[in-house]
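Structure first, commentary second.
The values are calculated or read from the model by the stated rules, or taken from the named source; none is laboratory data. Quick caveat: nothing in here was measured; it's all calculated off a predicted structure. Heads up, the Cβs are rebuilt from the backbone with ideal geometry, glycines too, and the neighbour counts pull from every protein chain shown. Ligands, DNA and RNA are stripped out before the accessible areas are found, and what is left, the full protein with its side chains, is counted by its heavy atoms. Shrake-Rupley method; radii C 1.70, N 1.55, O 1.52, S 1.80 Å.
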Amino acid sequence: MGVNQAEAPILEALARYADADELGFTPPGHKQARGADPRAREALGDAVFYGDVLANGGLDDRLARCGVLARAENLMADAVHADHTFFSTCGSSLSVKAAMLAVTSPGHRLLVGRDAHKSVVAGLILSGVEPVWVEPQWDTSRHLAHPPSAAAYAQAFAEHPDADGALVTSPTPYGAAAALESIADVCHRLGKPLVVDEAWGAHLPFHDDLPSWAMDAGADICVTSIHKMGSGLEQGSVFHLQGDLIDPAELASRADLLGTTSPNVLLYAGIDAWRRQMVQHGHELLGQALELAARTRTAIEAIGGFHVNDAKDFCGPGLAHDFDPLPVVMDIGALGTSGYRAADWLRTHHHVDAHLFDHRRISTQLTHADDEQTTAHLLAALRDLADHTTELRDAPQVAVPSPTGLRMDQARPPRDAYFARHTKVPTAEAVGRIAAEMITPYPPGIPVALPGERLTEPVLRYLVTGVEAGMFLPDAADQRLKTVRVVED
């Protein structure tokens, strides 16, 4: 008998809990909002507290005999053609670490695209896995990285045949997608598993006009953030498994090792509800979103000084394999200002928050939640921005290096350098020293400097000029980058 995709086991269990008027002498201590600060109840609403119950001994009985979470995970696996699905309330930052540790182990090697998110680097630091960096495909004219090619992974395996597997990020936050099927073929010819960090691709399984998603392309593990392009709550994540290269019990154990023992049921409920919404209405909702995105892109392109990047810009030989049009990436170099300054202006004057911003771009992410009203507000704000460019010109210039200039020698493994004795030195004196910290422009959260890399003048100049222009470096010990944390000599 097939599964019933009209079910939402977690939502239904929450409704039963409320109807039964259960009286808990357990955490959480607010006890169904009764003990919550009245000001919090007024700001957040009581529904937040009513839905905040224990997973076992609340949503389910103490032995999980109702199988509420297991049934919800099975429904998700069925919906997206995976063999197994696991829910996480710690975001894809945890999920990708669990995936890495299921594929490899301390002291072993893993092929990793150098455009990986900082959570992947954190996994390398925590685990002691040695990365073999695979170079992205660089668009040198736009100063933008696209996912590495299948040939690059094949070459990396040829040079490091002892690597346990590979990890690729696709799609990128800019909407560029990798040739996942070809990369999976490279891995599987060698009997190696492929992990895809598909945090920005939760919507991909539910419409044919979007890039192929990881399970359909043959990946072994796929990590997805439900809160990014889906309807889930922040920190809601799932990771999917298929094939026989990885034991599902091992993957579950790695997730248990890293995850919380007090999962937030509200996040589970958001994942459960989103799955049912997509199965029942996803094709229609995403079709409408794609049509809206096409109209919005055309309207933005007509604004003087704006160019909306599309498949013609991002895809082709030496570039990305495919393209998701819902991240609307705008090159505003012709306006004579930076993405940082433009994003600040939009927030200040129109209460519009951009998704990404860099030295020459801003990006506004569209989803199935957008409509003519939200995009009309966006278009009005962008037109007003174009009319006020004289106020925004003379933005500080960012000294963006060439692709080769961005790459530094990995002199020590990330874990060794991160935990080594370190010292702070003035940034001008850090050239040639080994970094003891991650330095990551955020968003999108892809580290420029990693622990163990030997710092160079072009990279440091890029970061310093970036900060002066408005770049945010949340993980640097000195966010103004007057000093850098380096390994002691």
Residues of segment 159-194 being of a type in the set (Gly, Ala, Ser), open to solvent by 10 Å² or more (accessible area, probe 1.4 Å) and within 19 Å of Leu251 (Cβ to Cβ), in sequence order, are Gly191
Restrict the check to segment 23-35 and report whether at least one residue is under 15 Å from Ser262 (Cα atoms), within 29 Å of the chain's Cα centre (by Cα) and not aromatic (Phe, Trp, Tyr). no
Positions within segment 323-361 being part of a strand (DSSP E or B) and modelled with pLDDT under 95, in sequence order: Leu356, Phe357
For residues in segment 446-481 being without any contact (Cβ under 8 Å) to a residue 60 or more places away in the chain, within 21 Å of Gly405 (Cα to Cα) and of a type in the set (D, E, K, R), which is surrounded by the fewest Cβ atoms within 10 Å (Cβ to Cβ)? Glu457
Segment 295-315, residues that are surrounded by fewer than 17 Cβ atoms within 10 Å (Cβ to Cβ) and of a type in the set (Lys, Arg): Arg295, Lys312
Answer with yes or no whether Thr440 is buried (at least 20 other Cβ atoms within 10 Å of the Cβ) and touching a strand residue (DSSP E or B) at 6+ places or on another chain (Cβ under 9 Å). yes
Going by what's in this entry, would Gly304 be described as closer than 28 Å to Val120 by Cβ and either part of a loop (DSSP other than H, G, I, E, B) or among the hydrophobic types (A, V, I, L, M, F, W, C) (or both)? no
Got a sec? Which helices (runs of 4 or more DSSP H) wholly within segment 202-265 have at least 1 residues that are of a type in the set (Lys, Arg), buried (at least 20 other Cβ atoms within 10 Å of the Cβ) and out of contact with any helix residue (DSSP H, G or I) (no Cβ under 6 Å at 6 or more places or on another chain)? 226-229
Considering Ala102, Ala98, Ala36, Ala8, which residue is open to solvent by less than 30 Å² (accessible area, probe 1.4 Å) and in contact with a His (Cβ under 9 Å, 6 or more places away or on another chain)? Ala36
Residue count, segment 362-380 (criterion: without any contact (Cβ under 8 Å) to a residue 60 or more places away in the chain and either surrounded by 19 or more Cβ atoms within 10 Å (Cβ to Cβ) or part of a loop (DSSP other than H, G, I, E, B) (or both)): 2
Please go through segment 129-158 and pick out each residue that is assigned to a helix (DSSP H, G or I) and either touching a residue at least 12 places away in the same chain (Cβ under 8 Å) or buried (at least 21 other Cβ atoms within 10 Å of the Cβ) (or both). Ala150, Ala152, Tyr153, Ala154, Ala156, Phe157
